[in-house]
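Take a look at the structure set out below.
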């Protein structure tokens with residue numbers, strides 16, 4: 001089992017100190033958002049999107065962290081709200097559990113019946129790899145969710161293709177981007193699931209057009225204007241949460257559903273993201 005690097009451990013200690021300083025201000029100023037779930041509806045520009053896929057609705061969920069800080073009464077509320085939305089595809093970008101592989105046992109009933117017409121697709125995150133990748137994968141598959149471990153699949157609508165690819169976790173060094181994109185037809189619109197937005201630092205063997213990530217929790221602890229204090233990534237707070245139209249692809253980073261230590265959020269509410277894919281710039 002691979003542990004986080006010393007660089008990230010040192011940065012997290014700094015984060016914990018800064019977070020501790022915000023607790024009082026959070027309590028007084030109304031910034032406590034640990035379970036203040038939001039549904040965010042956003043249009044995402046994907047110029048390579050085939051005409052048949054215009055307006056496709058994609059439900060993006062990330063970072064459940066089922067464990068002692070994120071319990072089932074809350075996760076059941078999240079999933080009930082998610083199932084009530086209208087979507088075509090479900091994308092889940094990792095960190096389903098925290099602390100122990102025992103928390104994988106309850107994932108199947110939580111994640112069942114998402115009922116996406118074009119399937120539910122997932123990648124694992126670093127906490128899944130730390131605690132129980134086999135157990136998490138089995139739970140997801142039993143819930144009808146396809147786990148993309150450095151692999152891809154082709155979806156078709158009216159004879160036009162959309163590829164869904166998943167690269168395994170970079171934090172624990174399980175990623176193989178070349179294998180994830182193997183077989184993907186050159187030039188065909190590709191959605192890549194990557195637990196961490198650090199994928200932006202990697203050279204790609206071939207283009208992809210939309211990247212969905214999590215891992216950052218949006219910073220989890222932010223200043224009152226929503227600016228993250230810290231993000232456990234190589235790209236830092238630059239891509240902590242939101243939509244980023246980059247030169248080669250569009251990056252979407254979820255604020256996630258759950259949390260890890262410290263067990264609170266400040267000015268950074270958890271989110272269920274409902275994305276509508278557009279061929280033209282929606283702005």
Subset of region 141-161 [more than 18 Å from residue 205 (Cα to Cα) and in contact with a helix residue (DSSP H, G or I) (Cβ under 7 Å, 6 or more places away or on another chain)]: 142, 143, 145, 147, 157, 158, 160
Of all residues in region 91-117 being surrounded by fewer than 18 Cβ atoms within 10 Å (Cβ to Cβ) and within 24 Å of residue 210 (Cα to Cα), the one that is nearest to the chain's Cα centre (by Cα): 116
Residues (assigned to a loop (DSSP other than H, G, I, E, B) and either modelled with pLDDT of 95 or more or crowded, with 19+ Cβ neighbours inside 10 Å (or both)) located in region 270-283: 270
Answer residue from region 151-173, given it is touching a strand residue (DSSP E or B) at 6+ places or on another chain (Cβ under 8 Å), touching a residue at least 60 places away in the same chain (Cβ under 8 Å) and buried (at least 19 other Cβ atoms within 10 Å of the Cβ) and is farthest from residue 117 (Cα to Cα) among those: 169
Subset of region 208-229 (residues that are touching a residue at least 60 places away in the same chain (Cβ under 8 Å), more than 16 Å from residue 32 (Cβ to Cβ) and touching a strand residue (DSSP E or B) at 6+ places or on another chain (Cβ under 7 Å)): 209, 210, 212, 213, 214
Residues located in region 49-69, provided they are surrounded by 17 or more Cβ atoms within 10 Å (Cβ to Cβ), in a loop (DSSP other than H, G, I, E, B) and more than 19 Å from the chain's Cα centre (by Cα): 49, 50
Given (1) closer than 18 Å to residue 269 by Cβ; (2) at pLDDT 95 or above; (3) crowded, with 19+ Cβ neighbours inside 10 Å, index of the condition residue 41 fails: (3)
Residue 80 surrounded by fewer than 23 Cβ atoms within 10 Å (Cβ to Cβ), in contact with a helix residue (DSSP H, G or I) (Cβ under 6 Å, 6 or more places away or on another chain) and either under 21 Å from residue 57 (Cα atoms) or without any contact (Cβ under 8 Å) to a residue 40 or more places away in the chain (or both): no
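The values are calculated or read from the model by the stated rules, or taken from the named source; none is laboratory data. Just so it is clear, the structure is predicted and the values come from calculations on it, not from any experiment. Cβ coordinates were reconstructed from backbone atoms using ideal geometry, including for glycine residues, and neighbour counts include every protein chain displayed.
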